[in-house]
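*Asks:* Dropping the structure in here first, questions after.
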Amino acid sequence: MQQGAHMVKLEGGGWTAPIVRFLVDRGVPVCAHLGFTPQSVHALGGYRVQGRDEAAAATLRRHAAELAASGAELLVLEMVPAALARDLTKSLPIPVIGIGAGVGCSGQVLVLHDMLGLTGGELKFVRNFLDGAEGIENAVRKYVADVKGGRFPDDALHSF
């Protein structure tokens, strides 16, 4: 925070809720991150959609509610089924930002290198916005316009 950060992001649920509360009580804004958590990619067995079966979905619902109750100001949901993300967005008192979580979230985010097609491998929830754009700035403008215009993400093409 002393270096200019406006918020801390914590990945995972369950054990992180007390940490969120600890930080929030000390004036540190927290963004929670559930679903696929990049820092745990190897523990999760690679890039896998999270919350597909009812037990896993129930765990995500419980963790999301605990994190919101602990004071998280927003929640990032990554690679979770669109229907689950939509339900969580409706039920939580905080904004839900999706990355591969469907159009029903409060907002969308993509990693810049992914949205510019620079990372190789095709992730289902990514579109190369640099393709056909004249430069990075125009690619980012196209992404923003497509999100605001409801053209991205498309639940059939970019969601699970």
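The values are calculated or read from the model by the stated rules, or taken from the named source; none is laboratory data. In this text, all values refer to a predicted model and were calculated from it rather than measured experimentally. Cβ placement follows ideal geometry from the backbone for every residue including glycine, while neighbour counts extend to all protein chains displayed.
*Asks:* Condition (residue is within 20 Å of Thr16 (Cβ to Cβ) and touching a residue at least 24 places away in the same chain (Cβ under 8 Å)) applied to region 108-115: is it met by at least one residue?
*Replies:* Start the filter on region 108-115 by keeping residues that are within 20 Å of Thr16 (Cβ to Cβ), which leaves 109.
When the remaining residues are screened for being touching a residue at least 24 places away in the same chain (Cβ under 8 Å), the result is 109.
Yes: one or more hits.
*Asks:* Out of the residues in region 27-67 meeting the condition of being of a type in the set (Ser, Thr, Tyr), over 13 Å from the mean Cα position of the chain (by Cα) and modelled with pLDDT under 95, tell me which one is nearest to Leu110 (Cα to Cα). Full working, then the answer.
*Replies:* Taking region 27-67 and keeping what is of a type in the set (Ser, Thr, Tyr), we get 37, 40, 47, 59.
Now drop any that are not over 13 Å from the mean Cα position of the chain (by Cα), which leaves 40, 47, 59.
Going one step further and asking which of them are modelled with pLDDT under 95, we end up with 40, 47.
On the way: Ser40: 18, Tyr47: 15 Å.
Residue satisfying both the conditions and the ranking: Tyr47.
Each row is one residue, and each column tells you yes or no for (1) hydrophobic (A, V, I, L, M, F, W, C); (2) over 22 Å from Val140 (Cβ atoms).
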{"site": "His63", "(1), (2)": "no, yes"}
{"site": "Val80", "(1), (2)": "yes, yes"}
{"site": "Arg86", "(1), (2)": "no, yes"}
{"site": "Cys105", "(1), (2)": "yes, no"}
{"site": "Gln108", "(1), (2)": "no, no"}
{"site": "Leu118", "(1), (2)": "yes, no"}
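*Asks:* Going through region 14-26 one residue at a time, which ones are modelled with pLDDT of 95 or more and among the small types (Gly, Ala, Ser)?
*Replies:* Selection gives Ala17 alone.
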